[in-house]
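Read the figures in this text as sums done on the coordinates, not as results from a lab. Given the structure is predicted, the values throughout are model-derived calculations rather than measurements. With ideal geometry, Cβ positions are generated from the backbone for all residues, glycine too; neighbour counts draw on all protein chains shown.
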Amino acid sequence: MIVSNLTLSELQSRLLGEGLTIASGPFNFRLQSGFSDIVPDLARLYAHHPLITDDAFIDFHVAIEAGRGLRRWLGAQARFVVDGVEPFTPLPQAQALPMIEWGLNWCISAYSQHVLVLHAAAVARGNRALIMPAPPGSGKSTLCAALVNRGWRLLSDELTIIRLDTGEISGLARPVNLKNASINVIRHFAPEAFLTKPVRDTVKGTVALMAPSAQSVRDVGQAAQPYWVVLPHYRAGASTALVPMQTGAAFLQIAENAMNYHVLGIRGFDAVGQLVDRCRHFNFEYSDLEEAIAQFDLFAPEG
Amino acid sequence: MMICSGLQYFAIPRNLASSGTIVWKEVDEGWIRYDSNSGSTQLLTPLARFVIDLLDANTRMHSLADIVDAVLDAEPNANRKECEIEVDTVLKILSSHQLIQKDQP
């Protein structure tokens, strides 16, 4: 059973009651919320995700709750609560939906020490994965959203999960977080994609979430082999340029973007080292999405 | 650039060195060094690794000339003057990152 098998009222009822229990790749989470206005968008964003059975292990028990006291009504707020802990300050209620995504990312980063967690987008062709570690503002999510609307499979737009035992990537196939100008860029680039209404004035600027494709969610259990590491950099007016990177520089970039590298210690060092060995590495500058995708299609023609 | 020929260099004494494990990985540019105690990760040139290994191999102090001699033993075709400049630069970088120590004789 998948989320879209539920009617909106059934979905809302679950959110209000025992919770909506969803599998996202290797993680299961239970979501509870009394905010009815997030229900339609949540239904679209997670339409293809499987609902898990009652006896399945839940990794994260998440609730989006109303603000306390007067904040329930005056300048209404939303609070992110995981396993009874509230790790963030409350946000305006209008940000409840992106808050779920940010919160889940935080849960994975904070609690998952059995895998290497990279701050990176990842997409795949066949079983070959392209990893894009990059700081905010580099055009990583825009490029990721564009690729998944042109036949690449979404693994994750924000956190790339590398198994320590096999070095394979476990996909999450959760919504893609688009910010500011990239929202309209993707609306025009992929009019068929579902994007939520933009939420303004967040700490990241204006934010909209893009639903993952049904195929990406269906195939999320298929592990992908890391094959390319590309550091994207969007620069207005730039020509598309893919420049090979040496492995030492690639190692440092990956380690810098590995959120639990220091926690894992030597296991983290080994995991990054193995990732470096099995991938080809590039710096990538672009401004035109169609050209960028053509470039990636060139080195992954077999997908 | 001024070459500091009067200084002596030596490995960080064991009792002051990290109690963690040092691991290395060879990469295109040289070596990645990871110290599990401090959590620091550094990209070092092959010459920097050579100098660290040389100083680690024994406890005595080495002058710039000693180290240059050792490099030239390993790479007899290298130019001594260029080698001095390269080694001096590496010694300054390694000391500034506290990967080796230096002292006045």
Cut-off is 10 Å between beta-carbons; in what order do A:Cys144, A:Cys279, B:Cys83 appear when sorted fewest neighbours first? B:Cys83, A:Cys279, A:Cys144
DSSP loop chymotrypsin sites (Phe, Trp or Tyr not before Pro) in the stretch A:6-73 with at most 10 other Cβ atoms within 10 Å of their Cβ, which ones? A:Phe57, A:Trp73
Cα centre as origin, Lys/Arg/Asp/Glu Cβ charges: the stretch A:157-207 dipole, Debye: 300 debye
Under a 5 Å amide H to amide H cut-off, with H placed in plane at 1.01 Å, what residues pair with A:Met245 once short-range neighbours are removed? A:His281, A:Phe282, A:Asn283
Any chance you could count the Lys pairs in the protein assembly as shown whose alpha carbons are under 18 Å apart, treating pairs 8 or more apart or on different chains as valid? 6
If you rank A:Met1, A:Met245 by fewest surrounding Cβ atoms within 10 Å, what's the result? A:Met1, A:Met245
With DSSP loop assignment and no more than 12 other C-beta atoms within 10 Å, the trypsin sites (Lys or Arg not before Pro) in the stretch A:5-72 are A:Arg68
Calculate one ³J(HN,Hα) per residue across the stretch A:225-230 by plugging θ = phi - 60° into the Karplus curve 6.51 cos²θ - 1.76 cosθ + 1.60, and present them in order as whole Hz with x for glycine and proline. 8, x, 10, 10, 10, 10
May I ask which residue of A:Asn260, B:Ile67, A:Gly34 lies farthest towards the positive end of the charge dipole of the protein assembly as shown, with charges of +1 (Lys, Arg) and -1 (Asp, Glu) on Cβ and the Cα centre as origin? A:Gly34
What's log10 of I(q)/I(0) for chain B at q = 0.20, 0.21, 0.22 Å⁻¹, Debye sum over Cα points only, no solvent? -1.09, -1.19, -1.28
Would you please put B:87-96, B:65-74 in order of how densely packed they are, using the mean number of other Cβ atoms within 10 angstrom per residue and starting with the highest? B:87-96, B:65-74
Taking placed amide H atoms and a strict 5 Å upper bound, the residues 5 or more places from A:Ala134 or on another chain that come that close are A:Ala121
May I have the pair-distance distribution P(r) for chain A, computed from all Cα-Cα distances with 20 Å bins from 0 and rounded to whole percent? 34, 58, 8
Within the protein assembly as shown: Cβ-based charge dipole about Cα centre, in debye rounded to nearest 20 (Lys, Arg +1; Asp, Glu -1): 1100 debye
Which value in Å is the Kirkwood Rh of the stretch A:1-86 over different Cα pairs? 13.4 Å
Tilt, helix B:80-96 to longest principal axis of chain B (alpha-carbon atoms), in degrees rounded to tens, equals 30 degrees
Using only atoms on other chains, find how many Cβ atoms lie within 10 Å of each Cβ of peptide A:263-275 and report the average. 3
The answer for A:His61, listing residues at least 5 apart or on another chain whose modeled amide H is closer than 5 Å to its amide H, is A:Arg30, A:Asp83
When A:Ile58, A:Ile293, A:Ile100 are ordered from fewest to most other Cβ atoms inside 10 Å of their Cβ, what list results? A:Ile58, A:Ile293, A:Ile100
Across B:22-32, the residue-averaged tally of Cβ atoms belonging to other chains within 10 Å stands at 5
I'd like to know which of A:Ala56, A:Val220, B:Ile100 lies farthest towards the positive end of the charge dipole of the protein assembly as shown, counting +1 on Cβ of Lys and Arg and -1 on Cβ of Asp and Glu. A:Ala56
For the stretch A:186-191, Karplus-derived ³J(HN,Hα) couplings (6.51, -1.76, 1.60; θ = phi - 60°; whole Hz; x for glycine and proline) come out as 6, 4, 6, 6, 9, x
Distance from a point 7 Å along Cα→Cβ of B:Val23 to each backbone N in the stretch A:242-278: keep the residues under 13 Å and list them by number. A:261-276
What are the extents of the Cα atoms of the stretch A:75-217 along their three principal axes, listed from largest to smallest and rounded to whole Å? 47, 39, 26
Counting other chain Cβ atoms within 10 Å of each Cβ in B:34-46 and taking the mean gives 3
Helix A:289-299 sits at what angle to the longest principal axis of chain A, using alpha carbons and giving 0 to 90 degrees rounded to 10? 60 degrees
Across the stretch A:127-141, in residue order, what do the Karplus-derived ³J(HN,Hα) couplings come to in whole Hz, using 6.51 cos²θ - 1.76 cosθ + 1.60 with θ = phi - 60° and x for Gly and Pro? 10, 9, 9, 10, 9, 10, x, 5, x, x, x, 8, x, 5, 5
